[in-house]
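As structure tokens, the structure follows; a few thoughts come after it.
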Amino acid sequence: MNNRPTLFALCLSCFFLASGCRTSKLPPASDTKTASRPETEEAFFLSVREQSFRYETLSARMQVELTMPAGKTFTSRATLKIWRNDRMQLSLQPLLGIEAFRVDIDPDSIRIVDRLNKRYLAEHFSHLKEISRIGFNFYSLQALFTNQLFLPGEAELPENAFIRFRQLPATGGYTLQTRDSARWQYSFTAGRDRKLYATRMTDTASDHTLHWDYADFRSVGTQFFPMKIHGEWTGGEAGGALSVNYSHIDADVPVEIRPDIPPGYTRVNLSQIRKMLEQP
């Protein structure tokens, strides 16, 4: 079987996760902002925020495993590099450490380079929001891969971020819920140990969902980081899963990210990629 289309699907699936979780409907944003909150709830939120993994640059090695809607599973070694709030890069190396695909993301756009077929995909997030149900941007993707709370569309949590969340009791901790100005809801579940164990997203206008769970927290310097991430998504009749097993994490070390497109590569669009992936 030709594995190239599926590897490109892996790149797309890692970042084009188009939805969140099924949760109870949240109150309108105005109600969430004006509701009074017990001081103990605010203290819990602030302690979860304080315990978030802190870094300016990040370099990680990992193994990724993708389960496609048909049930087929594909794996690849990968490296992840991040300059916080500036750019991130995922490099897939399925064989012998040789890069086959690369995903470059900055706050404005996403680019996927297919070295096997000498082609690339480049899209602006603004265009993707017009043609698809995506509920993420650069900052939320950065947060998903580094175990962070986030507010939709914002690079950092502002000082008064607490009033933008609704806090509900959950087994062993609390769930913090918020929403954007459109149809997306976001849910974060933290334990009483103040670690973030799950992030959920939901498109209230469809049945598309994403569950993003964290496990196996280990020390990285003086901080803790989840070495295992498991995501599951559904939408219509489609669904799949993505597992990330980090093998090594370095924070605040020099990283080099070159988002260049090699000369001679052909640009393709999403329609062309979809047709390629549909081929047997």
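How many angstrom lie between the C-alpha centres of region 138-159 and region 160-205?
If you average the Cα positions of each part, the centres end up 12 Å apart.
Give me the percent of the accessible area of region 205-258 that comes from carbon and sulfur atoms, probe 1.4 Å, all protein chains in place.
Within region 205-258, the accessible surface is 48 percent carbon and sulfur.
Where only protein heavy atoms count, and the probe is 1.4 Å, what is the accessible area per residue for region 143-229 in Å²?
Each residue of region 143-229 exposes 41 Å² on average to a 1.4 Å probe.
Where the only charges are on Cβ atoms (+1 Lys, Arg; -1 Asp, Glu), what is the dipole of region 180-238 about its Cα centre, to the nearest 20 debye?
Rounded to the nearest 20 debye, it is 420 debye.
Starting from the residue with the highest accessible area, list R183, R258, R111 in decreasing order, probe 1.4 Å.
Putting R183, R258, R111 in descending order of accessible area: R258, R183, R111.
Between N85 and E123, what is the label-to-label distance in nm when each label sits 7 Å out along the Cα-to-Cβ direction?
Roughly 2.7 nm, to one decimal.
Considering only Cα-Cα distances, which of the following residue pairs are longer than 24 Å: K72/K195; K195/K228; K129/K195?
Over 24 Å Cα-Cα: K72/K195; K129/K195.
If you average over every viewing direction, what projected area does the convex hull of the Cα atoms of region 61-167 give, in nm²?
Reported value for the Cα convex hull: 9.0 nm².
Roughly how many Å is it from the Cα centre of region 56-126 to that of region 226-262, as a whole number?
Each part reduced to its Cα centre gives a spacing of 8 Å.
The values are calculated or read from the model by the stated rules, or taken from the named source; none is laboratory data. All figures in this text were calculated on a predicted structure; none of them were measured in a lab. So basically every Cβ, Gly included, is an ideal-geometry build from the backbone, and we count neighbours across all protein chains shown. Side chains are part of the model used for accessible areas, which takes the heavy atoms of the whole protein and leaves out ligands, DNA and RNA. Shrake-Rupley method; radii C 1.70, N 1.55, O 1.52, S 1.80 Å.
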